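Inspection log for the structure reproduced underneath, given as structure tokens.
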Amino acid sequence: MLISLLFGFGIFAADRVVKLWIVNNFALGEVRAFIPGVLRLHYVQNTGMAFGFLAEHPWIFLVLTPLIFGVLGVLIAKNLFPCPVQRLAIVAVMAGGLGNWVDRLVYGAVIDMFEPTFMRFAVFNVADIFIVLGGIAFVIAFILDERRKEKAKVADE
């Protein structure tokens with residue numbers, strides 16, 4: 001559990017540090033080169049979720065995020081995900097969600113800054129990276145764990 005807490009805190013802290021640096025060093029809408037041909041820094045604020053979805057209803061995220069955290073917290077506390085990778089993946093999603101939720105409380109929008117230059121894509125932040133990677137890791141770990149359980153069940157028969 002301590003590893004999960006430290007992992008989550010690290011994600012949250014990294015997200016906050018990057019966002020605070022952007023807010024304090026960029027004007028809203030400002031763009032600067034970061035990794036030429038790959039990524040640039042572009043300070044935007046997003047009241048919605050990915051690609052601005054539900055931007056006209058920002059209150060939804062202020063209400064839903066704590067509810068989702070509550071459900072995930074209960075699932076973790078009840079040890080419904082004994083696989084360590086699944087737990088860490090959920091913690092990554094929660095830490096990223098917390099970072100974006102804090103933005104909504106403080107700024108009224110999520111602070112985004114990473115914009116791919118090699119393709120047309122949404123501007124995103126550190127929290128978003130861990131929400132997506134955590135979700136993908138959870139699904140993969142869940143599928144692999146289910147396959148392992150099925151093999152063990154067949155071997156026992």
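Matching residues to (1) farther than 23 Å from residue 35 by Cβ; (2) in contact (Cβ under 8 Å) with a residue 24 or more places away in the chain; (3) not in a strand (DSSP E or B):
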{"residue": "96", "(1), (2), (3)": "no, yes, yes"}
{"residue": "103", "(1), (2), (3)": "yes, yes, yes"}
{"residue": "106", "(1), (2), (3)": "yes, no, yes"}
{"residue": "112", "(1), (2), (3)": "no, yes, no"}
{"residue": "115", "(1), (2), (3)": "no, yes, no"}
{"residue": "118", "(1), (2), (3)": "no, yes, yes"}
{"residue": "121", "(1), (2), (3)": "no, no, yes"}
{"residue": "133", "(1), (2), (3)": "no, yes, yes"}
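Is there a residue in region 110-123 that is at positive phi and in contact with a Ser or Thr (Cβ under 8 Å, 6 or more places away or on another chain)?
no
Are there any pairs with C-beta distances below 6 angstrom linking a residue in region 23-38 that is under 17 Å from residue 121 (Cα atoms) to a residue that is outside any loop (DSSP other than H, G, I, E, B) and among the β-branched types (Val, Ile, Thr), with the two at least 6 apart or on different chains, and if so which?
none
Select from region 120-146 the residues that are at pLDDT below 90 and open to solvent by 40 Å² or more (accessible area, probe 1.4 Å) and write down the one among them that is farthest from residue 81 (Cα to Cα).
Looking at residues that are at pLDDT below 90 and open to solvent by 40 Å² or more (accessible area, probe 1.4 Å), I get 120.
If you check residue 88 against the conditions, is it surrounded by fewer than 16 Cβ atoms within 10 Å (Cβ to Cβ) and either on the phi > 0 side of the Ramachandran plot or at pLDDT 85 or above (or both)?
When the stated conditions are applied, residue 88 does not pass them.
For the subset of region 1-32 comprising residues that are at pLDDT 95 or above and touching a Lys or Arg at 6+ places or on another chain (Cβ under 8 Å), which member is most open to solvent (accessible area, probe 1.4 Å)?
Looking at residues that are at pLDDT 95 or above and touching a Lys or Arg at 6+ places or on another chain (Cβ under 8 Å), I get 32.
The values are calculated or read from the model by the stated rules, or taken from the named source; none is laboratory data. Small disclaimer: the values here were computed from a predicted structure and weren't measured. Here Cβ is always computed from backbone atoms with ideal geometry, including for glycine, and neighbour counts include all displayed protein chains. SASA here: full protein model, heavy atoms, side chains in, ligands and nucleic acids out. Shrake-Rupley method; radii C 1.70, N 1.55, O 1.52, S 1.80 Å.
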